[in-house]
Amino acid sequence: MPLSDSFFGSRLAITGRDLERYLAEALSRGGDYADLYFEYIATSSISMDDAIVKSATQGVSLGVGVRVLAGERTGYAYSDDLSPERIVKAARVAACIAAGPSQVEKTPLREGDKHNLYPVLTAATETAFSDRVEMVKRADRCARAYDPRVFQVQASFVDNLRHVLIATSDGILNYDRQPMARMSVRVLARQEGSPPQSGHAGGGGRVGLEFFLEEKTPEHFATESARQAIVQLDAIDAPAGEMTVVLGPGWPGILLHEAVGHGLEADFNRKGTSAFSGRIGQQVASPLCTVVDDGTIRSRRGSLNMDDEGVPTQRNVLIENGILRGYLQDRLSSRILRSGQTGSGRRESYAHIPMPRMTNTFMLAGESDPSEVVRSVPRGLYCKSFGGGQVDITNGNFVFTASESYLIEDGHLTRPVRNATLIGNGPETLRFVSMVGHDLELDEGMGICGKEGQSVAVGVGLPTIKIDRITVGGTA
């Protein structure tokens with residue numbers, strides 16, 4: 001693709017010669033590597049509360065980040081002004097921060113390889129604003145009509161269209177157009193003698209507006225959110241103690257993402273601060289567990305044609321049959337660890353330094369029938385969905401709150417429970433996985449991952465799994 005065909009080449013008149021000049025300035029004080037990350041993002045957000053559209057916003061942001069690597073040191077500067085003078089100034093600032101004796105050979109820019117995972121012709125951001133407002137209104141009407149005990153509905157639709165141009169000192173030149181859209185519905189319900197209960201559902205991905213009109217409609221998310229809230233009205237207090245827990249398919253994969261996935265990001269491991277540091281080739285989970293991070297799944301929320309360093313994303317097997325096989329690498333970590341890049345360098349925006357991050361992280365399906373998994377538990381807990389949680393990367397300890405869970409009694413799901421928390425250790429918990437269902441599901445597309453102050457879109461997934469021993473915190 002000629003640079004003139006890209007958003008930046010055609011609209012902002014940036015040429016290949018300009019890019020080479022900026023890279024030369026970035027390396028003018030020495031350094032092993034430099035890159036440029038240009039970004040233009042158009043965003044819109046619509047939110048509805050109490051049957052009223054409370055806010056509707058649109059905005060545009062653009063800028064460039066300049067990075068220089070010299071050994072383990074990183075120089076980074078950015079500008080929201082794309083005039084040549086400002087970009088040169090940013091390049092010189094980054095050069096000063098990472099000044100070093102190394103010199104690299106100049107490599108001509110060439111278009112790199114990448115996928116075509118989200119060929120959306122018209123992004124949601126490019127459609128009529130009134131069409132998106134109507135979708136939010138549809139979700140509100142549906143949730144309110146679900147049950148008279150529903151008394152509050154909050155619905156929102158958020159979308160953006162990001163244009164990215166990446167040029168590197170080793171000659172890579174890549175451009176990507178990245179659409180994103182997500183609908184979210186939150187419901188409160190109440191009945192006499194019971195405190196209000198909430199439900200939340202949402203989803204989307206790198207899709208256009210037609211996804212919400214044909215595949216997962218506003219009514220779909222509204223119904224699921226209202227169902228969750230109504231179920232919780234009849235819930236009993238969760239039991240406490242060590243017990244067998246079954247995790248349902250799909251969104252419960254967030255526990256895998258937090259308790260295990262972050263510990264497999266290479267920056268924590270090169271610093272020796274992860275519970276998985278130095279353990280490649282070792283048994284870290286049950287032989288039934290194979291954990292994958294895959295940024296190449298078509299149209300998924302966590303997918304990318306290329307990462308934020310211009311490297312094509314790929315399917316990375318992190319744990320295979322319980323054996324740790326590798327970490328998620330960005331450019332800096334792969335240089336230090338002398339390991340190949342995995343297409344995992346991600347950043348929130350041009351104002352942020354890239355770091356190793358997850359894309360779509362999930363456990364592969366097993367051979368057990370999901371109903372057999374539940375029938376094998378005399379007494380335990382079934383977790384269908386999760387809310388918030390936290391993990392200590394250094395030791396893998398986690399605490400997660402189940403937003404929808406049920407007692408398992410004599411191999412059957414019985415009463416819903418509230419206020420259940422799972423307390424454990426990521427690597428240790430995986431060792432107690434004794435059954436894995438054949439029903440792998442990915443989440444609906446609503447994951448947001450935070451790390452060191454940066455947020456990026458991610459996906460998670462899980463088949464039904466049985467964990468023989470885990471501590472449940474409850475109020476019963």
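Quick notes
- Taking the charge dipole of the chain about its Cα centre, with +1 at Lys and Arg Cβ atoms and -1 at Asp and Glu Cβ atoms, the residue from Leu413, Gly100, Leu36 reaching farthest to the positive side is Gly100.
- Computed with the Debye formula from one identical point scatterer per Cα of segment 237-473, without solvent, the log10 of I(q)/I(0) at q = 0.09 Å⁻¹ comes to -0.35.
- Modelled spin-label separation between Glu192 and Lys137, with each label point placed 7 Å from Cα along the Cα-to-Cβ direction: 3.6 nm.
- Gyration tensor (alpha-carbon) shape descriptor, the chain, a/c threshold 1.5: oblate
- Counted by Cβ distance under 14 Å from Arg300, the other residues give a net charge of 0, where Lys and Arg count +1 and Asp and Glu count -1.
- Taking other C-beta atoms within 10 Å as the exposure proxy, Ser225, Ser455 rank Ser455, Ser225 from fewest upward.
- Arranged from fewest to most other beta-carbon atoms within 10 Å of their beta carbon, Cys449, Cys383 become Cys449, Cys383.
- Maximal additional length on extending the Ser28-Glu409 stretch stands at 130.3 nm, based on 0.36 nm per residue less the C-alpha distance.
- Share of pairwise Cα-Cα distances greater than 15 Å in segment 378-476 is 70 percent (whole percent).
- Label-to-label distance, nm, for residues given as Ser4 and Arg298 (7 Å Cα→Cβ offset): 3.3
- Local electrostatic count at Val64 - Lys and Arg +1, Asp and Glu -1, tallied over other residues with Cβ under 12 Å: -2
- Nitroxide proxy distance, nm - points 7 Å out along Cα→Cβ at Phe129 and Arg17: 4.1
- Order of Tyr37, Tyr146 under a 10 Å beta carbon neighbour criterion, fewest first: Tyr146, Tyr37
- Per-pair calculated FRET efficiency, R0 = 35 Å: Ala56 and Asp237 via Cβ, rounded to 0.05: 0.30
- Area projected by the alpha carbon convex hull of segment 35-158, averaged over all directions, nm²: 12.8
Throughout, read-outs are computed from the coordinates displayed, never taken from laboratory work. Remember, predicted model here, so these are calculated numbers, not experimental data. Positions of Cβ are generated from backbone atoms using ideal geometry, with glycine treated the same way; all protein chains shown enter the neighbour counts.
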